[in-house]
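**Student:** Mind having a look at this structure? Questions to follow.
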Amino acid sequence: MSSALRTRLPLMLALPLCLLMLVGLWLDYRAAGEAAGRYDQLLAQLLPALAESVRAPEPPGRAPRLLPTPPLQDFLQRNAGVSGYSVRDRAGRLLLGDAWVRGALPATQAPEFHSLEFRATTYRVAMQRARTGAGELVLALADGSDPQQQWVRQLLMRVLLPNLALLIATGLVIHWAVRQAVKPLVGLAAAVARRSPQDLRPIDEAASPDEVRPLVHSLNRLFALVDAQAEAQRRFVADAAHQLRTPLAGLQAQVEAWAMAARAAPAQKTPAVSAQHALGAIVLGTQQIEKLRHATRRTSQLAHQLLTLSCADARSLAVQPPQRVDLKDLCESVLETFLDAATGKGLDLGLEAQPVQATGHGGLLRELLSNLVDNAVKYTPAGGVVTIRCGWRLGHAGAPQACVEVEDDGPGVPDGEHARVLQRFYRLPGAGGEGTGLGLAIADEIARTHSAVLNLACGPQGRGLLATVLFSG
């Protein structure tokens, strides 16, 4: 819209200026025509004075003489250089005056007028057949000071070019003024475009032009409604996760105890205890207990992941100031957490760490890295290698950026599925093992709230998955 305004406003202002310029030219021409009519009348009034100035030749047979009357003499002196006259006989032969003052011989005794070009000057010429002291002759008076005759020549230099220059200058000024006028709109659009989907803070109405304040007020009202709805959803997820964690923890503790008791039942020697465990094994069955154990673990993990998603929301983090997080210490801590699980599965879990820091929330960054490592450990077959790295990498602009990587040599993710596995509750078709489809989605959400980018790619050997998190600063 601002681009259209920048185009339409100059046009809407320039078109009336062009119209005014044309009206001014027409008024100038009308004024010149009126002045030309007055000059024609003046020339017509001077023709009798020219006729009185022509005297009979002395001696007879020679050319007539010219004795200018005061009006004629005053005209010729006042317009010296831009005036002339001629006296011709009825055949058109020049008797007195300037040869260039000529024209078609009048057929009547009424004054006739025409324009004549001579030495780059346009003259207005009045001709008339008149009785003189030397008989009936053709008289002509030329005046080059007529504004109508000079108007066409002066049109380009004195009217069109100045008006055109004025129009161009005015257009540039209008263009600059319009750009300055719509700059607040452009700034408002840029400010809204730079916002993340989670940033629903109200726009400062005082910093907006008066004309768009109703729009800004409506946007703020919409932001408030969306934020309220998101807040309600966020509270629901957080409350549900919190409510689920306590009973699930108790249920899981009971199931773990039952599972341990079921496994220890064959080794018990005490008859009473053996009978008790045998009765429990008969009722529930060892396999059923194990299935229940896996289900409670998975449900507990889902509740934990839902709570993490709620905490990862940018608006939830707005009240928590970010801090400098040592990524090397974070990687070492996560390595210790997953070392037993990786060793039990026969995986080689290693660390390649350089001292590096990033700005963010330590708890969420730990959750991000834990999800990536858990995903790698879960899907890498026995005997595989999982490597955690942190350090500096060159970003797209060539500047060094803090980086965390998790690489495995497991089955990997097809190239066409890299974007889809970051969606919530999506799992690859045929993927084995347990999972809820939230691990990578949570990692991506946490990365985005930290202005970081999570990229998935194939491993260096064309196998496995390489998950890279690049921090912006």
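**Student:** Could you put Cys18, Cys403 in order of accessible surface area, largest first, with the 1.4 Å probe and the full protein assembly present?
**Tutor:** Cys18, Cys403
**Student:** Shifting gears a bit: Can you list the aspartates and glutamates whose alpha carbon is less than 17 Å from that of Lys328, not counting same-chain residues fewer than 8 positions off?
**Tutor:** The qualifying aspartates and glutamates are Glu336, Glu352, Glu367, Glu405, Glu407.
**Student:** What residues of the stretch 107-140 lie in the reach of a label at Ala91, counting those whose backbone N is under 16 Å from a point 7 Å from the Cα along Cα→Cβ?
**Tutor:** In the stretch 107-140, the label zone of Ala91 (backbone N under 16 Å from the point 7 Å along Cα→Cβ) covers 136-138.
**Student:** In terms of Cα to Cα distance under 18 Å, which aspartates and glutamates are near enough to Lys183, apart from those fewer than 8 places away along the same chain?
**Tutor:** Partners within reach: Asp204, Glu205, Asp210, Glu211.
**Student:** Provide the gained length on full extension for the span Gln41 to Val192, in nm with one decimal, where the gain is 0.36 nm per separating residue minus the Cα-Cα distance.
**Tutor:** Computed gain between Gln41 and Val192 is 47.1 nm.
**Student:** Going from most exposed to least, what order do Ile168, Ile446 have by accessible area with a 1.4 Å probe?
**Tutor:** Ile168, Ile446
**Student:** Moving on. If you average the sequence gap of Cα pairs under 8 Å that are 6 or more apart and divide by the length of the stretch 359-407, what percent do you get for the contact order?
**Tutor:** Normalised by residue count, the contact order of the stretch 359-407 is 30 percent.
**Student:** With a point put 7 Å past each Cα toward its Cβ, work out how far Glu211 is from Leu394 in nm, to one decimal.
**Tutor:** 4.8 nm
**Student:** Could you please put Asp89, Asp143, Asp409 in sequence from largest to smallest accessible area, using a 1.4 Å probe?
**Tutor:** So the residues, ranked largest to smallest area, are Asp409, Asp89, Asp143.
**Student:** Right, another one. Check Gly350: other-chain or 5+ apart residues with amide H under 5 Å from its amide H, H built from backbone geometry?
**Tutor:** Val386, Thr387, Ile388
The values are calculated or read from the model by the stated rules, or taken from the named source; none is laboratory data. Given the structure is predicted, the values throughout are model-derived calculations rather than measurements. Because the Cβ atoms are built from the backbone with ideal geometry, glycine has one as well, and the counts that use them run over all protein chains shown. Surface areas here come from the heavy atoms of the whole protein model, side chains and all, with no ligands, DNA or RNA. Shrake-Rupley method; radii C 1.70, N 1.55, O 1.52, S 1.80 Å.
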